[in-house]
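Chemist: Would you mind keeping the following structure in view while I ask a few things?
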Amino acid sequence: MKNTVIGKSAIIGNKVYIGNFSTIENDVIIGDNCWIGNSVSILNGSRIGDNCQIHSGAVIGGVPQDLKFNGEYTLLEIGHNNIIRENVTINRGTISKNKTSIGNSNLIMSNAHIGHDCVIGNNCIIGFSVGLAGEVITGDWINISGLTAVHQFSSIGSHSMVSGLSRVVKDIPPYILVADEPLRYSGLNTVGLRRRGFSSVKIEEIKTIYRIIFQERRNTNVALDYIEQNFEPSFERNEILNFIRSSKRGIVKGVL
């Protein structure tokens, strides 16, 4: 570990490799079996779980890029089994939520940025040079393709996929694929759902629900009421209804 600086108060787990020229500040916790590459900066307030990889040039737990931040004590919490590739930047929280949270088993590709107070689920893929502004929330199993920008306070539902070079300014409900400019519903994320064991019957149920929401040109509230009255309760039905009803930014548009 040539020219590596590790703070005296940092807590480093068992079997952790730390590369050359990396900096681990004092108020840092790193779990067991982690691999830290060369020239990585892990800054105060960072909490990292077990079995994580953090590649060269990443800056973890940086000061929020937010004018309301006033030096308050906040955290970045990263779960287990995450892969964070080269030059990724992840900021810690502000007084808004007090922490930025990354779940388990995520792949965050090179040059991506995750802003202050974001909440990222589990098993997500965040592509090359994706930018997440502050307070973005994602569900599990989402896939954001490369060079996409996500507006602050946006939400992306579980199992959804965002095409590359997208501009996300509205919320994206679960289970769908979004593409085009302006960004809009482009069908279900069928390939992803099948890979995760969703049955053909379940996929057809979700597809029918979204046909009512996006393709039958109903008022959104009317469509949601119709679905609630005419579809048997299920986890997926309820998740879609709850996501859309709780959206503060409004959801992406349907088929033109």
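Chemist: Pick out the one residue from E228, E236, E216, E205 that is over 18 Å from G139 (Cα atoms) and open to solvent by less than 70 Å² (accessible area, probe 1.4 Å).
Modeler: Details: E228 fails: open to solvent by less than 70 Å² (accessible area, probe 1.4 Å); E236 fails: over 18 Å from G139 (Cα atoms); E216 fails: open to solvent by less than 70 Å² (accessible area, probe 1.4 Å).
From the options E228, E236, E216, E205, the qualifying one is E205.
Chemist: Could you please let me know if K2 is basic (K, R) and over 15 Å from G115 (Cβ atoms)? Lay out the reasoning, then the answer.
Modeler: Working: basic (K, R): yes; over 15 Å from G115 (Cβ atoms): yes.
Yes: the conditions hold for K2.
Chemist: Can I ask one more? List the residue pairs whose Cβ atoms are under 9 Å apart, where the first residue sits in region 164-187 and is closer than 17 Å to L241 by Cβ and in contact (Cβ under 8 Å) with a residue 24 or more places away in the chain, the second is surrounded by fewer than 19 Cβ atoms within 10 Å (Cβ to Cβ) and among the acidic types (D, E), and the two are 6 or more positions apart or on different chains.
Modeler: Matching pairs, first to second residue: P173/E239; P174/E239; Y175/E239.
Chemist: Sticking with this structure for a sec: From the residues in region 121-136 that are open to solvent by 10 Å² or more (accessible area, probe 1.4 Å) and part of a strand (DSSP E or B), which one is farthest from S160 (Cα to Cα)?
Modeler: Taking the candidates together, the pick is G131.
Chemist: Based on this model, can you work out whether I29 counts as open to solvent by less than 10 Å² (accessible area, probe 1.4 Å), modelled with pLDDT of 95 or more and not in a loop (DSSP other than H, G, I, E, B)? So that I can check it myself, show each step before the final result.
Modeler: Working: open to solvent by less than 10 Å² (accessible area, probe 1.4 Å): no; modelled with pLDDT of 95 or more: yes; not in a loop (DSSP other than H, G, I, E, B): yes.
No.
Chemist: So which of T100, T94 is assigned to a loop (DSSP other than H, G, I, E, B), open to solvent by less than 10 Å² (accessible area, probe 1.4 Å) and without any contact (Cβ under 8 Å) to a residue 60 or more places away in the chain?
Modeler: On the way: T100 fails: assigned to a loop (DSSP other than H, G, I, E, B).
Sole residue among the options that is assigned to a loop (DSSP other than H, G, I, E, B), open to solvent by less than 10 Å² (accessible area, probe 1.4 Å) and without any contact (Cβ under 8 Å) to a residue 60 or more places away in the chain: T94.
Chemist: Is there any pair linking a residue in region 198-219 that is on the phi < 0 side of the Ramachandran plot to one that is hydroxyl-bearing (S, T, Y) and surrounded by 11 or more Cβ atoms within 10 Å (Cβ to Cβ), with Cβ under 6 Å and at least six apart or on different chains, and which?
Modeler: So the pair list comes out as I206/Y175; F214/Y185.
Chemist: Name every residue in region 10-23 that is farther than 14 Å from C52 by Cβ and either assigned to a strand (DSSP E or B) or open to solvent by 80 Å² or more (accessible area, probe 1.4 Å) (or both), in order of residue number.
Modeler: Within region 10-23, I11, F21, T23 meet the criteria.
Chemist: Another question, then. Please verify whether region 43-51 includes one or more residues that are open to solvent by less than 10 Å² (accessible area, probe 1.4 Å), out of contact with any His (no Cβ under 8 Å at 6 or more places or on another chain), in a loop (DSSP other than H, G, I, E, B) and on the phi > 0 side of the Ramachandran plot.
Modeler: Within region 43-51, one or more residues are open to solvent by less than 10 Å² (accessible area, probe 1.4 Å), out of contact with any His (no Cβ under 8 Å at 6 or more places or on another chain), in a loop (DSSP other than H, G, I, E, B) and on the phi > 0 side of the Ramachandran plot.
Chemist: Only one of these is in contact (Cβ under 8 Å) with a residue 60 or more places away in the chain and not aliphatic (A, V, I, L, M): D32, D50, D27, D66. Name it. Quick ask: steps written out before the conclusion?
Modeler: On the way: D32 fails: in contact (Cβ under 8 Å) with a residue 60 or more places away in the chain; D50 fails: in contact (Cβ under 8 Å) with a residue 60 or more places away in the chain; D27 fails: in contact (Cβ under 8 Å) with a residue 60 or more places away in the chain.
Of the residues listed, the single one that is in contact (Cβ under 8 Å) with a residue 60 or more places away in the chain and not aliphatic (A, V, I, L, M) is D66.
Chemist: Among L193, L241, which is free of Cβ contacts under 8 Å to residues at least 24 places away in the same chain, open to solvent by less than 50 Å² (accessible area, probe 1.4 Å) and touching a helix residue (DSSP H, G or I) at 6+ places or on another chain (Cβ under 6 Å)? Before the answer, list the steps.
Modeler: Details: L193 fails: free of Cβ contacts under 8 Å to residues at least 24 places away in the same chain.
None of the others qualify; the one that does is L241.
The values are calculated or read from the model by the stated rules, or taken from the named source; none is laboratory data. Just so we're clear, the structure is a prediction, and the values are computed from it rather than from any experiment. All Cβ positions, even for glycine, are placed from backbone atoms using ideal geometry, and neighbour counts span all protein chains on display. Ligands, DNA and RNA are stripped out before the accessible areas are found, and what is left, the full protein with its side chains, is counted by its heavy atoms. Shrake-Rupley method; radii C 1.70, N 1.55, O 1.52, S 1.80 Å.
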